[in-house]
Amino acid sequence: MKRLILLADDSPTIQRLVAQTFHDGNFEVVAVSNGDAAIRKFEEVRPELVLADIYMPGKNGYEVCALVKKHPELGGTPVVLLAGAFDAYDEETASQVGAAAHITKPFEPHALVNLVVSLLPKEAPKRAAASAAQPVTSTIPPPASMPKVSAPPTPVAPPASASPTPVAPVA
C-alpha cells in the first residue's frame, strides 16, 4: 500500500511538482489549495505526513501544523512547512506548533524525497500492515554464485542538477 502525503499549497506549480516527485515511488499525494481544506482532508485521509505552505488562503501552514499536532489520534503525524525563498519563515513559531522541519521553495525534488523519507517510520502504518506481512522472495542469487567481474564498474557522475537544497530541521 502506498504511503499517503497530504500537501496543502495554493500553487498549482508546487502541487504538480510534488505529485511528479512522488509519482514513481511508494507514495500517494493528496493535494488541497488552502489550509481549511487541509484540516478537513487530514481527518478524512489520515496521512502519514503533511506538507503545508506557510502562506496560503484560509489557515496558514503554522495553523495547520498546530491543529494536526492537537489531533487526539494523529497528533504524531510529522508536518513539514514549505516556505518561499523570500517568505519570512518564523522558526520560533514553527517550533512552538511542533513542525518537524521546513524546506525552502523552490527545492530540488530529491531533497524533498530525502526529507520525507527521513521523517517517516521505516514501516508503513497499520492500515498497510497486511500487505507488509507477506513473505518476500528474493530473486538475487547469493554472492558465491554471482559471476566474477573482470574490470571495476565505471563510475557515474551525478546529474548537474544535484546541487543541495537548504533543508533545516526545526529545533
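Can you pull out the residues in the range 38-66 that are in contact with a strand residue (DSSP E or B) (Cβ under 8 Å, 6 or more places away or on another chain), among the aliphatic types (A, V, I, L, M) and surrounded by fewer than 19 Cβ atoms within 10 Å (Cβ to Cβ)?
Scanning the range 38-66 gives a single hit, VAL45.
Taking only the range 5-35 into account, find how many residues are assigned to a helix (DSSP H, G or I), among the hydroxyl-bearing types (Ser, Thr, Tyr) and farther than 16 Å from PRO109 by Cβ.
The total comes to 0.
Under 7 Å between Cβ atoms, at least 6 apart or on separate chains: pull out the pairs that start in the range 89-105 with a residue that is closer than 13 Å to VAL79 by Cα and assigned to a loop (DSSP other than H, G, I, E, B) and end on any residue that is among the basic types (Lys, Arg) and open to solvent by 50 Å² or more (accessible area, probe 1.4 Å).
GLY98/LYS69
Quick one: is PHE107 more than 17 Å from LEU120 (Cβ to Cβ) and open to solvent by 50 Å² or more (accessible area, probe 1.4 Å)?
No: the conditions fail for PHE107.
Given the conditions (1) open to solvent by 30 Å² or more (accessible area, probe 1.4 Å); (2) touching an Asp or Glu at 6+ places or on another chain (Cβ under 8 Å); (3) free of Cβ contacts under 8 Å to residues at least 40 places away in the same chain, and given that GLY35 satisfies all but one, which numbered condition is not satisfied?
Condition (1) is where GLY35 drops out.
Take ARG3 and tell me if it is among the basic types (Lys, Arg), within 17 Å of the chain's Cα centre (by Cα), surrounded by fewer than 18 Cβ atoms within 10 Å (Cβ to Cβ) and closer than 20 Å to VAL116 by Cβ.
So ARG3 does not fit the description; no.
The values are calculated or read from the model by the stated rules, or taken from the named source; none is laboratory data. Computed from a predicted model, the values in this text were never measured in an experiment. Here the Cβ is made from the backbone with ideal geometry for all residues, glycine too, and neighbour counts use every protein chain on show. The protein model used for the area step is the full one, side chains on, heavy atoms only, and it has no ligands, DNA or RNA in it. Shrake-Rupley method; radii C 1.70, N 1.55, O 1.52, S 1.80 Å.
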